[in-house]
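The values are calculated or read from the model by the stated rules, or taken from the named source; none is laboratory data. Only a predicted model underlies this, so the values are computations on that prediction, with no experimental measurement involved. Counting neighbours? That spans all protein chains shown, and the Cβs are built from the backbone with ideal geometry, glycine included.
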Amino acid sequence: MKKLFSYCFDKWWLIPLFSASLIGLAFIFDSLWFIIIGLLVLPISVTYQFAKKGWKIGCLTGIAMLSIIALAAFWFFLQLFPSPDRIHRKFSTRYENRNEMQRILGVEIPKFSIVSSEIQHLNGFDSEIKVKCILEFNSLPDDKFYKKLDRICSLPIPKAPNKNSSLFYYGLENIDRCWSKDGNRYVYDRNTDFGDKFLHSQDAYFNFEMERGSKTAVLTYGNY
């Protein structure tokens, strides 16, 4: 370990390269931890180079450090003022994922393909966003699936809220039902959820609509 430490700092360019790689990973994975670790090792490297290699190598390492800090500052700028594509990608990665969708809906749905997913409304200043997503099931849901939804839609509303329930949620004033039925149309609606377990914030909403006999469903989600 001591030899590895010594080798990394003796090669003045190795630590800046490692740090720059971490900053690059932060752009890919959108993780603050890569930024923190990448910036923490730089002052140690610069101090070591000034102490052991002299001012020339120390200055060279310092210039590399400033360049990497500028790159990190650009990452923070993107966090503060994200592009519409970046915002869309952040939300779609979560809500258009089948496992997450099933966790929220409380029922298993057939595998599907995303036909379209578009931002309908975006106000970054107030953190407002509305995304409409059309998905197509690989196969039609069977009768067993719809019978299960019929039973869910007829369940009595509980007297006490349960933050772990995917079928009911505590709204602004009352306990509200998530699944409802109108003829052959089934709707799952969850919004301003004070449980904060299923959606990303208390101002979020998630609306899923499907019709019996159809292979398509419409998902609308976002933030008020």
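Scan the range 107-117 and give yes if some residue there is over 22 Å from the mean Cα position of the chain (by Cα), of a type in the set (Lys, Arg) and exposed (fewer than 12 other Cβ atoms within 10 Å of the Cβ), otherwise no.
Initial filter on the range 107-117 (over 22 Å from the mean Cα position of the chain (by Cα)): 110.
Applying the additional criterion that residues be of a type in the set (Lys, Arg) yields none.
No, there is no match, as no residue in the range 107-117 is over 22 Å from the mean Cα position of the chain (by Cα), of a type in the set (Lys, Arg) and exposed (fewer than 12 other Cβ atoms within 10 Å of the Cβ).
Every residue, every condition in (1) under 19 Å from Val131 (Cα atoms); (2) part of a helix (DSSP H, G or I); (3) not small (Gly, Ala, Ser), yes or no:
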{"site": "Ser67", "(1), (2), (3)": "no, yes, no"}
{"site": "Phe74", "(1), (2), (3)": "no, yes, yes"}
{"site": "Phe77", "(1), (2), (3)": "no, yes, yes"}
{"site": "Lys90", "(1), (2), (3)": "yes, yes, yes"}
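Restricting attention to the range 58-70, which residues are closer than 18 Å to Asp30 by Cα, surrounded by fewer than 17 Cβ atoms within 10 Å (Cβ to Cβ) and touching a residue at least 12 places away in the same chain (Cβ under 8 Å)? Talk me through it step by step, then tell me what you get.
We begin by selecting, within the range 58-70, every residue closer than 18 Å to Asp30 by Cα; these are 68-70.
Imposing the further condition that a residue be surrounded by fewer than 17 Cβ atoms within 10 Å (Cβ to Cβ) reduces the set to 69-70.
Residue satisfying the conditions is Ile69 alone.
Within the range 131-154, is there a residue that is touching an Asp or Glu at 6+ places or on another chain (Cβ under 8 Å), in a loop (DSSP other than H, G, I, E, B) and not small (Gly, Ala, Ser)?
no
Of all residues in the range 171-202, how many are at pLDDT below 85, on the phi > 0 side of the Ramachandran plot and either not assigned by TED's automatic domain parsing to the domain that holds Glu96 or not acidic (Asp, Glu) (or both)?
1
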